[in-house]
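Shown next, in structure tokens, is the structure this report addresses.
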């Protein structure tokens, strides 16, 4: 009987861990983009599938938003997201976004340069590793490779 209790306890702990990982994401985000960019809308849908309510703003100067966010030159992409206390630049895979909110490092945000195929919003198979960077004050450091 004790063996059965241990299994239930472990199963419950794993389930609780999965719930808390999802709960780490903020409930809302603002995505800034160009009006013509459909892949940005698709990225927003990925966030919404994780329970995040996304407001899309497509009538702002993206360069100003990126500067406000502290995105380093060369790390830019087609959209910038303000989410909780962080900025997310580009088509960052959800695994990295969730890790950001679980770890909560003292940074401005994370980014993935360009529009790599296979990332959320960019259909197709992954062609090469995704190098996600942290950034603070327009300086970047490696965060994770997926």
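Overview of values
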item: Cβ-based exposure ranking for 77, 128, in which fewest neighbours within 10 Å come first; result: 128, 77
item: Residue-span extension gain [residue 58 to residue 45] - 0.36 nm each, minus C-alpha spacing; result: 3.1 nm
item: Mean Cα-pair separation over length for region 25-145, i.e. relative contact order, pairs under 8 Å, 6 or more apart, %; result: 25
item: Taking 122, 83 and counting other C-beta atoms within 10 Å, the order from fewest to most; result: 122, 83
item: Gyration tensor verdict on region 37-77 (Cα atoms; rounded if a/c is under 1.5, prolate if a/b is larger than b/c, oblate otherwise); result: prolate
item: Average Cα contact separation per residue, region 83-146, under 8 Å, 6 or more apart, as relative contact order %; result: 30
item: Order of 55, 80, 134 - criterion: other Cβ atoms within 10 Å of each residue's Cβ, fewest first; result: 55, 134, 80
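Bear in mind that the values in this text are calculations on the coordinates, not laboratory data. Just so it is clear, the structure is predicted and the values come from calculations on it, not from any experiment. Methodologically, a virtual Cβ is constructed for each residue, glycine included, from the backbone with ideal geometry; neighbour enumeration extends over all protein chains shown.
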